[in-house]
Amino acid sequence: MNLTSPSQVKAWCIERGFHPNKTLGQNFLVDANTLEAILDIAAVREGMRVLEIGPGLGVLTQGLLARGANVTAIEKDSALAARLAEELRHPNLSLIAADALDEIKKGTCDGYDALVSNLPYQAGTRILLDLVLRPGARPETMTVLMQTEVCERLAAMPGDGKKRGLAGVLAQLDYDVECVREVPPSCFWPKPEVGSTVAKLVRHHRNDNVPAAVRETFRALAIRAFEHRRKQMGSIFKGVMHSTLRPEQLTNEEWLALAEGLTEK
Ligand code: SAH
(Lines give C-alpha, C1' and ligand atoms only; values in the text may rest on other atoms or scores of the structure.)
Protein backbone atom coordinates (compact mmCIF):
# COMPACT_ATOMS: atom_id res chain seq x y z
CA MET A 1 0.00 0.00 0.00
CA ASN A 2 1.21 3.51 -0.80
CA LEU A 3 0.69 5.32 2.49
CA THR A 4 0.66 8.77 0.92
CA SER A 5 -2.29 7.84 -1.28
CA PRO A 6 -5.53 8.81 0.50
CA SER A 7 -7.61 6.45 -1.66
CA GLN A 8 -5.37 3.45 -0.86
CA VAL A 9 -5.34 4.19 2.85
CA LYS A 10 -9.10 4.57 2.87
CA ALA A 11 -9.57 1.35 0.86
CA TRP A 12 -7.29 -0.56 3.24
CA CYS A 13 -9.33 0.58 6.26
CA ILE A 14 -12.64 -0.27 4.59
CA GLU A 15 -11.45 -3.75 3.53
CA ARG A 16 -10.35 -4.58 7.07
CA GLY A 17 -13.34 -2.97 8.73
CA PHE A 18 -10.90 -0.66 10.49
CA HIS A 19 -12.51 2.56 11.71
CA PRO A 20 -10.04 5.29 12.68
CA ASN A 21 -10.45 5.89 16.39
CA LYS A 22 -11.11 9.51 17.35
CA THR A 23 -10.21 9.03 20.99
CA LEU A 24 -6.77 7.79 19.93
CA GLY A 25 -6.41 10.78 17.60
CA GLN A 26 -6.10 8.61 14.51
CA ASN A 27 -5.67 11.01 11.61
CA PHE A 28 -3.24 9.43 9.19
CA LEU A 29 -0.86 11.62 7.25
CA VAL A 30 -1.44 10.98 3.54
CA ASP A 31 0.67 13.71 1.96
CA ALA A 32 4.11 13.05 0.49
CA ASN A 33 5.28 16.69 0.60
CA THR A 34 4.50 17.01 4.29
CA LEU A 35 6.24 13.71 4.98
CA GLU A 36 9.46 14.89 3.29
CA ALA A 37 9.19 18.25 5.04
CA ILE A 38 8.98 16.59 8.45
CA LEU A 39 12.04 14.44 7.71
CA ASP A 40 13.95 17.52 6.51
CA ILE A 41 12.95 19.61 9.53
CA ALA A 42 14.01 16.77 11.83
CA ALA A 43 17.32 16.55 9.87
CA VAL A 44 17.13 12.75 10.02
CA ARG A 45 20.47 11.17 9.23
CA GLU A 46 22.02 7.73 8.97
CA GLY A 47 22.27 5.99 12.32
CA MET A 48 20.21 8.55 14.24
CA ARG A 49 18.35 6.93 17.15
CA VAL A 50 14.78 8.04 16.65
CA LEU A 51 11.77 7.53 18.86
CA GLU A 52 8.39 7.61 17.13
CA ILE A 53 5.20 7.71 19.17
CA GLY A 54 1.97 6.73 17.41
CA PRO A 55 3.25 5.31 14.10
CA GLY A 56 -0.28 4.42 12.97
CA LEU A 57 -0.01 2.83 9.52
CA GLY A 58 3.70 3.65 9.41
CA VAL A 59 3.98 6.44 6.86
CA LEU A 60 6.53 8.36 8.91
CA THR A 61 8.19 5.16 10.13
CA GLN A 62 8.93 4.13 6.54
CA GLY A 63 10.33 7.58 5.79
CA LEU A 64 12.58 7.48 8.85
CA LEU A 65 13.88 4.02 7.93
CA ALA A 66 14.47 5.10 4.32
CA ARG A 67 16.74 7.85 5.63
CA GLY A 68 18.77 5.36 7.63
CA ALA A 69 17.46 6.04 11.13
CA ASN A 70 17.26 3.43 13.87
CA VAL A 71 13.65 3.63 14.90
CA THR A 72 11.76 2.60 18.00
CA ALA A 73 8.03 3.03 17.40
CA ILE A 74 5.41 2.81 20.14
CA GLU A 75 1.80 2.23 19.08
CA LYS A 76 -1.10 1.91 21.51
CA ASP A 77 -3.66 0.48 19.08
CA SER A 78 -3.01 -3.26 19.01
CA ALA A 79 -4.60 -3.75 15.57
CA LEU A 80 -2.27 -1.14 14.05
CA ALA A 81 0.73 -2.48 15.94
CA ALA A 82 0.01 -5.98 14.57
CA ARG A 83 -0.23 -4.62 11.02
CA LEU A 84 3.07 -2.77 11.40
CA ALA A 85 4.80 -5.86 12.73
CA GLU A 86 3.67 -7.76 9.65
CA GLU A 87 4.20 -5.14 6.95
CA LEU A 88 7.20 -3.19 8.15
CA ARG A 89 9.81 -5.77 9.08
CA HIS A 90 13.14 -3.99 9.05
CA PRO A 91 16.40 -4.64 10.94
CA ASN A 92 16.48 -1.02 12.13
CA LEU A 93 12.94 -1.01 13.54
CA SER A 94 11.82 -2.06 17.01
CA LEU A 95 8.12 -1.97 17.51
CA ILE A 96 6.44 -1.72 20.90
CA ALA A 97 2.69 -2.27 21.22
CA ALA A 98 1.89 -0.18 24.29
CA ASP A 99 0.74 3.15 25.64
CA ALA A 100 3.63 5.59 25.25
CA LEU A 101 2.78 7.29 28.55
CA ASP A 102 3.44 4.02 30.41
CA GLU A 103 6.62 3.40 28.43
CA ILE A 104 7.99 6.87 29.23
CA LYS A 105 7.51 6.15 32.95
CA LYS A 106 9.32 2.81 32.60
CA GLY A 107 12.34 4.43 30.94
CA THR A 108 11.79 2.84 27.53
CA CYS A 109 12.01 6.29 25.94
CA ASP A 110 15.32 7.31 27.53
CA GLY A 111 18.45 7.94 25.52
CA TYR A 112 17.17 8.81 22.03
CA ASP A 113 18.70 11.45 19.75
CA ALA A 114 15.35 12.58 18.46
CA LEU A 115 11.61 12.26 18.71
CA VAL A 116 9.90 12.45 15.33
CA SER A 117 6.16 11.96 15.54
CA ASN A 118 2.78 12.82 14.22
CA LEU A 119 1.34 12.83 17.72
CA PRO A 120 -2.26 12.04 18.64
CA TYR A 121 -4.08 15.34 19.23
CA GLN A 122 -5.47 14.50 22.66
CA ALA A 123 -2.33 13.14 24.28
CA GLY A 124 0.24 15.25 22.42
CA THR A 125 1.02 17.83 25.10
CA ARG A 126 1.08 15.22 27.83
CA ILE A 127 3.48 12.97 25.90
CA LEU A 128 5.84 15.87 25.12
CA LEU A 129 5.86 17.18 28.67
CA ASP A 130 6.47 13.72 30.11
CA LEU A 131 9.53 13.45 27.84
CA VAL A 132 10.68 16.95 28.80
CA LEU A 133 10.25 16.44 32.54
CA ARG A 134 12.11 13.15 32.69
CA PRO A 135 15.86 13.83 32.89
CA GLY A 136 16.81 10.55 31.19
CA ALA A 137 14.49 11.15 28.24
CA ARG A 138 14.85 14.70 26.83
CA PRO A 139 15.96 13.96 23.25
CA GLU A 140 18.22 16.58 21.60
CA THR A 141 15.44 17.45 19.17
CA MET A 142 11.72 16.78 18.97
CA THR A 143 9.96 17.29 15.66
CA VAL A 144 6.23 16.89 16.08
CA LEU A 145 3.14 17.37 14.02
CA MET A 146 0.36 18.53 16.32
CA GLN A 147 -2.67 20.76 16.58
CA THR A 148 -1.60 24.32 15.68
CA GLU A 149 -2.98 25.75 18.90
CA VAL A 150 -0.90 23.34 20.98
CA CYS A 151 2.26 24.22 19.03
CA GLU A 152 1.62 27.92 19.49
CA ARG A 153 1.23 27.44 23.23
CA LEU A 154 4.49 25.53 23.48
CA ALA A 155 6.30 28.30 21.59
CA ALA A 156 4.58 31.25 23.30
CA MET A 157 6.68 33.91 25.01
CA PRO A 158 5.70 36.61 27.50
CA GLY A 159 3.67 39.14 25.52
CA ASP A 160 1.81 36.45 23.60
CA GLY A 161 -1.13 36.84 25.98
CA LYS A 162 -3.31 33.82 26.66
CA LYS A 163 -1.11 31.51 24.60
CA ARG A 164 1.65 31.81 27.17
CA GLY A 165 0.98 29.12 29.71
CA LEU A 166 2.25 26.23 31.75
CA ALA A 167 3.18 23.96 28.81
CA GLY A 168 5.40 26.61 27.22
CA VAL A 169 7.09 27.59 30.47
CA LEU A 170 7.90 23.96 31.31
CA ALA A 171 9.08 23.03 27.80
CA GLN A 172 11.23 26.14 27.39
CA LEU A 173 13.24 25.37 30.50
CA ASP A 174 15.15 22.91 28.29
CA TYR A 175 14.03 23.57 24.71
CA ASP A 176 13.81 26.36 22.17
CA VAL A 177 10.49 25.91 20.42
CA GLU A 178 9.64 26.95 16.89
CA CYS A 179 6.46 26.50 14.84
CA VAL A 180 7.94 25.61 11.46
CA ARG A 181 5.23 24.64 8.99
CA GLU A 182 1.46 24.61 8.84
CA VAL A 183 -0.25 21.48 7.56
CA PRO A 184 -3.87 21.78 6.37
CA PRO A 185 -6.54 19.18 7.27
CA SER A 186 -6.56 17.93 3.66
CA CYS A 187 -3.15 16.29 4.27
CA PHE A 188 -4.76 13.75 6.62
CA TRP A 189 -7.32 11.00 6.41
CA PRO A 190 -9.72 11.30 8.07
CA LYS A 191 -9.52 15.10 8.01
CA PRO A 192 -9.09 16.59 11.48
CA GLU A 193 -11.36 19.44 12.56
CA VAL A 194 -8.39 21.61 13.47
CA GLY A 195 -5.30 22.94 11.73
CA SER A 196 -1.96 21.24 12.33
CA THR A 197 1.60 22.49 12.52
CA VAL A 198 5.06 20.95 12.52
CA ALA A 199 6.91 22.24 15.57
CA LYS A 200 10.57 21.71 16.32
CA LEU A 201 11.92 21.67 19.84
CA VAL A 202 15.70 21.90 20.18
CA ARG A 203 17.47 21.36 23.49
CA HIS A 204 19.32 24.52 24.41
CA HIS A 205 21.33 23.15 27.37
CA ARG A 206 21.35 26.59 29.06
CA ASN A 207 19.84 25.10 32.21
CA ASP A 208 21.58 21.75 32.34
CA ASN A 209 23.21 22.68 35.63
CA VAL A 210 20.01 23.71 37.39
CA PRO A 211 19.72 21.37 40.40
CA ALA A 212 16.80 18.94 40.64
CA ALA A 213 15.45 20.73 43.73
CA VAL A 214 15.26 24.06 41.88
CA ARG A 215 13.55 22.36 38.95
CA GLU A 216 10.99 20.95 41.41
CA THR A 217 10.30 24.42 42.80
CA PHE A 218 10.14 25.86 39.28
CA ARG A 219 7.52 23.32 38.30
CA ALA A 220 5.46 23.70 41.48
CA LEU A 221 5.55 27.51 41.20
CA ALA A 222 4.45 27.52 37.58
CA ILE A 223 1.66 24.99 38.16
CA ARG A 224 0.32 27.00 41.10
CA ALA A 225 0.62 30.35 39.30
CA PHE A 226 -1.16 29.31 36.11
CA GLU A 227 -4.13 28.08 38.13
CA HIS A 228 -4.72 31.80 38.72
CA ARG A 229 -3.54 33.27 35.46
CA ARG A 230 -5.64 36.45 35.74
CA LYS A 231 -4.17 37.36 39.12
CA GLN A 232 -0.96 39.21 39.87
CA MET A 233 1.97 37.18 41.14
CA GLY A 234 1.95 39.24 44.37
CA SER A 235 -1.56 38.12 45.20
CA ILE A 236 -1.05 34.47 44.21
CA PHE A 237 2.01 34.25 46.44
CA LYS A 238 0.97 36.64 49.23
CA GLY A 239 3.73 37.61 51.61
CA VAL A 240 6.36 35.96 49.40
CA MET A 241 6.29 38.17 46.29
CA HIS A 242 5.25 41.70 45.52
CA SER A 243 5.17 41.58 41.76
CA THR A 244 2.22 43.14 39.94
CA LEU A 245 2.93 41.02 36.86
CA ARG A 246 0.57 38.24 35.86
CA PRO A 247 1.99 34.72 35.34
CA GLU A 248 1.83 35.00 31.54
CA GLN A 249 4.08 38.09 31.64
CA LEU A 250 7.12 36.47 33.25
CA THR A 251 10.09 35.28 31.21
CA ASN A 252 11.58 31.84 31.84
CA GLU A 253 14.64 33.54 33.35
CA GLU A 254 12.36 35.27 35.86
CA TRP A 255 10.61 32.00 36.72
CA LEU A 256 13.96 30.37 37.26
CA ALA A 257 15.25 33.21 39.44
CA LEU A 258 12.12 32.96 41.59
CA ALA A 259 12.55 29.19 41.90
CA GLU A 260 16.21 29.60 42.87
CA GLY A 261 15.29 32.15 45.55
CA LEU A 262 12.59 29.93 47.02
CA THR A 263 14.45 26.62 47.04
CA GLU A 264 15.86 25.73 50.43
CA LYS A 265 19.58 25.33 50.42
N1 SAH B 1 2.02 8.70 12.63
C2 SAH B 1 0.84 8.23 11.90
C3 SAH B 1 -0.40 8.20 12.78
C4 SAH B 1 -0.79 9.46 13.45
S5 SAH B 1 -2.32 9.32 14.30
C6 SAH B 1 0.63 9.08 10.68
O7 SAH B 1 1.27 10.11 10.57
O8 SAH B 1 -0.18 8.73 9.85
C9 SAH B 1 -1.79 9.11 15.98
C10 SAH B 1 -1.37 7.69 16.32
O11 SAH B 1 -1.03 7.65 17.71
C12 SAH B 1 -2.45 6.64 16.12
O13 SAH B 1 -1.90 5.55 15.44
C14 SAH B 1 -2.85 6.24 17.55
O15 SAH B 1 -3.33 4.92 17.65
C16 SAH B 1 -1.55 6.46 18.31
N17 SAH B 1 -1.68 6.73 19.75
C18 SAH B 1 -2.64 7.44 20.39
N19 SAH B 1 -2.39 7.51 21.71
C20 SAH B 1 -1.22 6.84 21.92
C21 SAH B 1 -0.43 6.54 23.08
N22 SAH B 1 -0.80 6.97 24.29
N23 SAH B 1 0.71 5.82 22.93
C24 SAH B 1 1.09 5.38 21.69
N25 SAH B 1 0.38 5.61 20.58
C26 SAH B 1 -0.76 6.34 20.68
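What the table below lists for this structure:
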| quantity | calculated |
| --- | --- |
| Volume of the Cα convex hull of segment 212-264, divided per residue and given in Å³ | 65 Å³ |
| Solvent-accessible heavy-atom area per residue, rounded to whole Å², over segment 161-265 at 1.4 Å | 55 Å² |
| Residue-by-residue Karplus 3J(HN,Hα) for segment 182-189, coefficients 6.51, -1.76, 1.60, Hz, glycine and proline x | 7, 10, x, x, 5, 7, 10, 9 |
| Difference of contour (0.36 nm per residue) and Cα-Cα distance, Asp40 to Glu216 | 59.8 nm |
| 19 Å Cα-Cα threshold exceeded, pairs from Lys163/Lys200; Lys76/Lys105; Lys163/Lys238; Lys162/Lys238; Lys22/Lys76; Lys76/Lys106 | Lys163/Lys238; Lys162/Lys238 |
| Under-5 Å amide H pairs with Phe28, H placed in peptide plane, nonlocal only | Trp189 |
| For segment 124-130, Karplus couplings with θ = phi - 60° (6.51, -1.76, 1.60), whole Hz, Gly/Pro x | x, 4, 4, 4, 4, 5, 4 |
| Sparsely packed GluC sites (Glu not before Pro) within segment 39-78, loop by DSSP, other Cβ within 10 Å at most 13 | Glu46 |
| Test item: Cα-centred dipole of segment 40-135, Lys/Arg +1 and Asp/Glu -1 on Cβ, debye | 120 debye |
| Estimated 222 nm signal from helices in the chain, with DSSP H stretches of n ≥ 4 weighted -39500 (n - 2.57), rounded to 500 | -11000 deg cm²/dmol |
| Within the accessible area of segment 212-264 (1.4 Å probe), percent carbon and sulfur | 53 percent |
| Segment Ser243-Arg126, extension gain: residue separation times 0.36 nm, minus the distance between their alpha carbons | 39.1 nm |
| Potential extension, Arg181-Asp99 segment - 0.36 nm per residue separation minus Cα distance | 26.8 nm |
| In Å, descending, principal axis extents of the Cα set of segment 21-169 | 48, 34, 31 |
| Segment 100-108 - phi-based ³J(HN,Hα) in whole Hz, Karplus 6.51/-1.76/1.60, Gly and Pro as x | 4, 5, 5, 5, 4, 4, 6, x, 4 |
| Computed over the chain: relative contact order in percent, which uses C-alpha pairs under 8 Å that are six or more apart | 15 percent |
| From the C-alpha gyration tensor of the chain, square roots of 5λ in Å | 37, 19, 15 |
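The values are calculated or read from the model by the stated rules, or taken from the named source; none is laboratory data. This is a predicted model, so every value here is computed, not measured. Note that we place each Cβ from the backbone using ideal geometry, even for glycine, and neighbour counts take in every protein chain shown. Each accessible area value is taken on the protein alone, full model and side chains, heavy atoms only, with ligands, DNA and RNA left out. Shrake-Rupley method; radii C 1.70, N 1.55, O 1.52, S 1.80 Å.
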